[in-house]
Amino acid sequence: MVQQRVKVGKSPVFVTKAGLARAHIQEMILSGQVREGQQFTAREVSEALAVSETPVREAISGLVAEGWLKFNAHHSVVVASISVDQIDEINELRGVLSFLAVKRGGHAYSEQVIAALESSIADAAEAVADEDPQRYAEINRQFHLLICDTPHTQWTHHLLSSLSSQTSVLRKGFAAVPTRMKASLDDHRAIVTAIRAGDIDLAGDLLVQHEHDASKALIGALSQGGPDSQDAPVITAQRPLATTSARSSRAGNKPRN
C-alpha cells in the first residue's frame with residue numbers, strides 16, 4: 001500500500017493515497033467548495049491531488065458507505081443531501097444512545113473521566129468566546145463520545161461514533177446556528193454537574209433534551225435560511241418534530257431542569 005508523507009501540526013505522518021483523497025473530499029464538503037446535491041468525478045479529485053483514480057475511488061466508496069456521498073446514474077458522485085426527517089432521526093438516536101450510556105455506564109465514571117468532561121467544557125467555553133463553530137463542533141463531538149466511553153457501553157460508544165460519521169450536515173450545525181453554541185455549552189455544564197452529583201437519571205434526561213433542542217434549532221435555521229444559508233444543505237420533506245422516544249419510554253417522566 002503506497003503511503004504519502006503529510007505534515008499534520010508539527011509532526012509529519014504517513015497516510016495512504018486513499019486516505020489523502022478521503023481527507024481532500026471531506027474538506028471540499030466542509031469548506032463549501034462542493035455543496036449538497038453537487039456532483040463531481042474521481043478524475044477531478046485525482047487531477048487535483050496528482051494521484052491515480054484507484055485510491056480516489058476507494059476513498060469515494062468509503063464516504064458513500066458513511067453517508068457523505070452517493071452514487072448517481074452517470075458514473076459520478078454527488079454530495080449527499082439530508083431531509084428534516086433524517087436530521088430529527090439522527091438527533092433522536094443520539095439522545096437514545098446517550099441516555100443508554102449514562103444509565104448503563106454512569107456509575108463507572110471515574111474522577112479522571114469527570115475531570116476530562118469538565119476540561120472539555122472549559123475548551124468549549126473558549127470556542128464560544130472566540131465564536132469558532134468549527135472548533136466547538138469537534139469539542140462537542142468528543143464530549144459526547146467520552147460520555148459513552150465506559151467499560152459497560154462499548155457497543156453504545158461504537159454506534160454513536162458510527163452515527164456521527166453518517167452525515168456531513170451535522171458537522172455544519174453550529175456554523176448554521178452559531179447562537180446554539182452558548183445553549184449547548186450550558187447544557188453540557190448541567191449534564192456534567194448531574195454526573196458529578198451522581199444523579200444519573202437527571203444526566204440521562206438532560207442528554208435526551210439536549211439532542212432534541214439541537215435538532216429543533218438546526219432544522220429551524222436551515223429551513224428558514226440561517227447565517228450559513230449559502231452553504232446550507234438541501235432540506236426536504238419538512239414535518240413537525242417528533243417527541244424523542246427515550247423520553248416517551250420514561251412514561252411521561254419529563255427531564256428535570
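Given the structure, is Gly173 touching a His at 6+ places or on another chain (Cβ under 6 Å) and in the same structural domain as His210 (by TED's automatic domain parsing)?
Values: touching a His at 6+ places or on another chain (Cβ under 6 Å): no; in the same structural domain as His210 (by TED's automatic domain parsing): yes.
So Gly173 does not fit the description; no.
Which one of the conditions (1) surrounded by fewer than 20 Cβ atoms within 10 Å (Cβ to Cβ); (2) within 24 Å of Gly220 (Cα to Cα); (3) at pLDDT below 95 does Ser161 fail to meet, given that it meets all the rest?
(2)
Among the candidates Ser81, Ser52, single out the residue that is touching a residue at least 40 places away in the same chain (Cβ under 8 Å), hydroxyl-bearing (Ser, Thr, Tyr) and in contact with a Lys or Arg (Cβ under 9 Å, 6 or more places away or on another chain). Steps first, please.
Numbers: Ser52 fails: touching a residue at least 40 places away in the same chain (Cβ under 8 Å).
From the options Ser81, Ser52, the qualifying one is Ser81.
Which condition number in (1) hydrophobic (A, V, I, L, M, F, W, C); (2) at pLDDT below 85; (3) in the same structural domain as Ile25 (by TED's automatic domain parsing) is the one that Val64 fails?
Evaluating Val64 over (1) hydrophobic (A, V, I, L, M, F, W, C); (2) at pLDDT below 85; (3) in the same structural domain as Ile25 (by TED's automatic domain parsing) leaves (2) as the failure.
Hey, could you check region 67-125 for residues that are surrounded by 14 or more Cβ atoms within 10 Å (Cβ to Cβ) and among the aromatic types (Phe, Trp, Tyr) and say which is nearest to Asp186 (Cα to Cα)?
Phe99
In the list Pro233, Pro178, Pro227, Pro240, which residue meets the criterion of being closer than 30 Å to Val78 by Cβ and modelled with pLDDT of 75 or more? Even if it seems obvious, please write down each step before you answer.
Values: Pro233 fails: modelled with pLDDT of 75 or more; Pro227 fails: modelled with pLDDT of 75 or more; Pro240 fails: modelled with pLDDT of 75 or more.
Unique residue meeting the criteria: Pro178.
Restricting to region 1-45, what's the tally of residues that are at pLDDT 85 or above and either within 19 Å of the chain's Cα centre (by Cα) or among the aliphatic types (A, V, I, L, M) (or both)?
Initial filter on region 1-45 (at pLDDT 85 or above): 16-25, 38-45.
From what is left, the residues that are either within 19 Å of the chain's Cα centre (by Cα) or among the aliphatic types (A, V, I, L, M) (or both) are 18, 20-25, 42, 45.
The qualifying residues number 9.
The values are calculated or read from the model by the stated rules, or taken from the named source; none is laboratory data. None of the values given here were measured: they were computed from a predicted structure. Cβ atoms come from the backbone with ideal geometry, glycine included; neighbour counts cover every protein chain shown.
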